[in-house]
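Below: one structure, written as structure tokens.
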Amino acid sequence: MPFKKGLIGYWAGKKRPDISAMRRGKKLSEEHKRKLSESHKGKKLSEEHKRKIVENLTGRPVSKETREKIGNANRGIKSGSWKGNNAAYRSVHCWVVNNWGKDGECESCGSKEYLDWHNIDCKYSRERKDWMRLCRKCHMTLDGRIKK
């Protein structure tokens, strides 16, 4: 029966149950989560609603586990700052050191001191076969900065 102005609803004069308290601590089924997600797709939030969400979440403590999940979700190619093959010389070298490390030994002479990463073909791709781990002396010799 459609609602008509002047009719008294079922809850008029009665105390309504606290639905959120009844649901608190209960898990949603995967099907229910999927249905909720579909029902909210395409809905636009008002600016006021967005502002209230930000106010509610600002200052809320975040667990170490959550911080790690957020960090891992935005790392590497998924990062908004990722430039791919357009990254600067220094950025690519930092990426190589962070991903392949600084420890090891020179691939030329076997020394374990003062190691650098040398790019073989000067294209600075992020493929391991394009890089050599060299000691400083072998690196400078190979670059032509030191004569034998």
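The values are calculated or read from the model by the stated rules, or taken from the named source; none is laboratory data. None of the values given here were measured: they were computed from a predicted structure. Cβ placement follows ideal geometry from the backbone for every residue including glycine, while neighbour counts extend to all protein chains displayed.
Among the helices (runs of 4 or more DSSP H) lying completely within region 1-107, list those that include at least 1 residues that are at pLDDT 85 or above and surrounded by 10 or more Cβ atoms within 10 Å (Cβ to Cβ).
Those helices (runs of 4 or more DSSP H) span 30-40, 47-57, 64-73, 89-100.
Only residues that are surrounded by 14 or more Cβ atoms within 10 Å (Cβ to Cβ) and among the charged types (D, E, K, R) were counted across region 108-148, and they come to 6.
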